[in-house]
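Below is one structure, written out as structure tokens, with a few remarks after it.
The values are calculated or read from the model by the stated rules, or taken from the named source; none is laboratory data. Just so you know, these numbers come straight off a predicted model, no measurement behind them. Glycine also receives a Cβ, built like all others from the backbone with ideal geometry; neighbour counts cover every protein chain displayed.
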Amino acid sequence: MASHMPRRSAPFVQRGRRAGRDGVALTFSTGGRHSGMAEQTAHARNPIRRWWTLWVVGGVDHDAVLRQIAQDSGWSGRYAFLIVVSAAISLLGLLMPSVAVLIGAMLLSPLMMPIIGLGFGIATFDTREMRRAATALIAGAVIAIALSVVFVTLSPVQTITSEIAGRTRPTLFDLLVALLSAVAGAYALIRGRGNTVVGVAIAIALMPPLAVVGFGIATANWTVFSGALLLFLTNAVTIALTAAIVARLYGFGSHLSHQHTGWQLALFVGALGVLSIPLVAALRQIAFEAVAQRQTRDTIRARFPDTSRLGQLDIDYGAKPIRIRAVVFTPRLEPQADRVLAADLRARLSRPIDLHVDQLRVSLDDNGVEAAQLARASASSAPSAADRQQRAAADLALIAGIAPTAVRIDPSQRILSADAAPLPGLGLAGYRTLEQRAAGALPQWTVHLAPPADTALPTIRFVEGVINGDLLDATAWASERLDRTVRVHGGTLAQRRAVAEGLMSRGGQAEAGSAGGALRLEWAPPPQTASTSEGQSASSPVSGGDRPKT
């Protein structure tokens with residue numbers, strides 16, 4: 001599958017790396033219009049570029065990355081199955097609506113790799129890979145939209161929920177999220193940290209907008225359709241082009257000429273510029289609506305006595321002129337309120353206004369009676385505490401991939417605990433992200449989500465005397481959730497102590513283990529099975545000595 005890929009990058013990077021260490025200027029020209037001498041001169045005059053090429057690009061296994069992308073970015077039966085499942089879950093989450101269900105759909109992220117593959121195809125000017133990835137992407141999008149249309153047509157629920165509405169008005173912020181997420185995703189693939197792509201897919205959420213597109217078609221709501229389609233195109237185009245730029249920075253397509261690079265940059269800037277036009281306009285409209293809402297409330301309240309209450313406010317920004325309808329409970333009627341308020345708001349907002357206020361005259365006692373009636377109605381319609389607990393447990397169970405009955409509930413402390421089901425390819429950092437997402441979806445609860453006990457511990461390395469703090473955070477979190485001790489083996493004694501101390505300072509349980517070999521982490525045996533002699537010979541106290549920075 002990967003035979004059609006450009007295979008020049010890695011050999012040329014290795015050749016450049018050897019030459020650089022011998023003091024010879026680097027060259028990566030393989031048939032472009034500029035000669036190797038010009039490239040050597042450019043490298044010699046730019047020490048930053050020389051350092052980047054030698055130490056950053058030189059450490060990338062380009063062929064391995066291209067093989068992985070070629071394997072995962074094309075059409076396959078597994079890809080089609082994930083498209084169907086993800087689209088169905090997304091639509092259910094939109095109609096319910098449920099953030100937890102949507103997160104479950106985002107975890108599948110079937111569309112992410114074809115978009116990344118398209119970006120790398122652009123970076124290397126590999127037309128065959130671009131066709132493969134684009135075909136998989138378009139086919140997957142069509143299947144998802146068609147499935148959503150059928151599902152919504154057959155469903156008795158066709159209401160625009162808050163989750164659907166939230167995906168119909170993309171702004172410039174959505175483009176920035178897609179751009180930064182694409183940088184993270186491309187970097188993770190290039191550096192062999194594929195688990196990070198799962199978190200990136202959660203951040204971008206490619207499938208829910210397609211489900212909303214299908215909803216718009218099924219309900220003939222073209223405002224919903226166009227807004228969701230713009231959001232999907234914004235995400236897809238931004239991810240693909242940003243991935244292409246990141247790939248070029250890491251040496252993919254090094255055989256291309258400067259003219260090819262110029263075309264790629266022009267495509268990137270031009271596409272983002274075109275997408276930014278409607279997104280900036282949408283952002284300005286949202287900002288205007290927020291200001292108009294606040295000023296309308298303040299203006300109406302200022303017109304009536306202090307004891308008055310604004311009961312309802314509806315603003316139709318799409319109408320021409322802007323249509324405002326309000327209900328005010330007041331002890332004194334204002335005959336000229338509509339005319340005065342409309343003139344005031346026209347001056348404040350610089351827009352034509354059609355305003356009408358329904359004034360309901362009440363006494364102070366009436367206000368007290370009304371407040372009591374509202375409180376009683378709210379209490380009778382509110383779900384019981386048991387219902388809220390079961391709903392929260394069901395949401396956590398969906399994120400964890402387990403049955404709702406497996407969720408442990410502590411109502412007095414408002415703690416939800418669960419053991420996550422194994423997810424292929426997901427490391428400790430991914431499970432920690434799941435817990436954080438669950439906590440965000442359940443803000444009234446403290447969520448404890450333990451990873452599977454057999455999840456592999458990450459590889460810890462010192463880079464210039466510094467440990468990766470994110471890896472320590474994830475490992476310490478897993479140690480705390482599983483109530484297990486992490487044993488640090490290999491490396492020097494100072495390194496073992498530093499890692500163990502770093503884990504304990506983050507809330508984990510750790511001890512320095514035996515010497516010999518590379519630095520590595522292992523789960524210590526449970527106390528009842530670990531022998532006393534092994535503990536005495538392998539463990540050492542974490543104290544004293546010079547430690548590298550953590």
**Q.** Cross-chain or 6+ apart pairs with Cβ under 9 Å, segment 332-353 first and without any contact (Cβ under 8 Å) to a residue 12 or more places away in the chain, then loosely packed, with under 11 Cβ neighbours inside 10 Å
**A.** none
Q | Qualifying residue in segment 130-146 (condition: at pLDDT below 85, charged (D, E, K, R) and closer than 30 Å to S257 by Cβ) | A | no
Q: Test each condition in (1) modelled with pLDDT under 85; (2) crowded, with 19+ Cβ neighbours inside 10 Å; (3) farther than 20 Å from L434 by Cα; (4) not aromatic (F, W, Y) for L107 and report the one that comes out false.
A: (3)
**Q.** Tabulated pairs, segment 432-452, first free of Cβ contacts under 8 Å to residues at least 60 places away in the same chain, second basic (K, R) and outside any strand (DSSP E or B), C-beta under 7 angstrom, 6+ apart or interchain
**A.** Q444/R414; W445/R414; T446/R414; H448/R481; A450/R481; P451/R481
Q | Breaking point among (1) exposed (fewer than 15 other Cβ atoms within 10 Å of the Cβ); (2) without any contact (Cβ under 8 Å) to a residue 24 or more places away in the chain, for D470 | A | (2)
Q: Give the number of residues within segment 453-467 that are among the β-branched types (V, I, T), assigned to a loop (DSSP other than H, G, I, E, B) and touching a residue at least 60 places away in the same chain (Cβ under 8 Å).
A: 2
Q: Kindly indicate whether any position in segment 111-118 is modelled with pLDDT of 85 or more, surrounded by fewer than 18 Cβ atoms within 10 Å (Cβ to Cβ) and either out of contact with any Lys or Arg (no Cβ under 7 Å at 6 or more places or on another chain) or among the hydroxyl-bearing types (S, T, Y) (or both).
A: no
Q: Go through segment 166-188 and give me each residue that's without any contact (Cβ under 8 Å) to a residue 12 or more places away in the chain and assigned to a helix (DSSP H, G or I).
A: L176, L180
Q: Would you check if R432 is closer than 30 Å to Q495 by Cα and either among the aromatic types (F, W, Y) or in contact with a helix residue (DSSP H, G or I) (Cβ under 9 Å, 6 or more places away or on another chain) (or both)?
A: yes
**Q.** Residue in segment 494-533 that is modelled with the highest pLDDT, counting only those that are over 22 Å from L482 (Cα atoms) and out of contact with any Phe, Trp or Tyr (no Cβ under 9 Å at 6 or more places or on another chain)
**A.** S514
Q | Test for G491: is it loosely packed, with under 14 Cβ neighbours inside 10 Å, over 28 Å from the mean Cα position of the chain (by Cα) and either at pLDDT below 90 or in a helix (DSSP H, G or I) (or both) | A | no
Q: Tell me which of these G121 doesn't satisfy, since it passes every other one: (1) farther than 13 Å from L241 by Cα; (2) in contact with an Asp or Glu (Cβ under 7 Å, 6 or more places away or on another chain); (3) buried (at least 23 other Cβ atoms within 10 Å of the Cβ).
A: (1)
Q | Sole residue being out of contact with any Asp or Glu (no Cβ under 8 Å at 6 or more places or on another chain), at pLDDT 90 or above and not assigned by TED's automatic domain parsing to the domain that holds T223, chosen from I300, I324 | A | I300
(Q) What's the number of the only condition in (1) aliphatic (A, V, I, L, M); (2) touching a residue at least 24 places away in the same chain (Cβ under 8 Å); (3) not in a loop (DSSP other than H, G, I, E, B) that I138 fails to meet? (A) (2)
**Q.** Residue pairs meeting the criteria (Cβ under 8 Å; at least 6 apart or on separate chains; first without any contact (Cβ under 8 Å) to a residue 24 or more places away in the chain, in segment 76-95; second crowded, with 18+ Cβ neighbours inside 10 Å and hydroxyl-bearing (S, T, Y))
**A.** L92/S98
Q) Just to be sure, is A228 in the same structural domain as I145 (by TED's automatic domain parsing), under 30 Å from R191 (Cβ atoms), modelled with pLDDT of 90 or more and among the small types (G, A, S)? A) no
Q. Across segment 286-312, which residue is surrounded by the most Cβ atoms within 10 Å (Cβ to Cβ) among those that are among the acidic types (D, E) and outside any loop (DSSP other than H, G, I, E, B)?
A. E289
Q) P156 passes all but one of (1) modelled with pLDDT under 90; (2) farther than 16 Å from L241 by Cβ; (3) part of a helix (DSSP H, G or I); which number fails? A) (3)
Q | Qualifying residues in segment 236-263 (those that are of a type in the set (A, V, I, L, M, F, W, C) and farther than 18 Å from G185 by Cβ) - the one nearest to the chain's Cα centre (by Cα) | A | W263
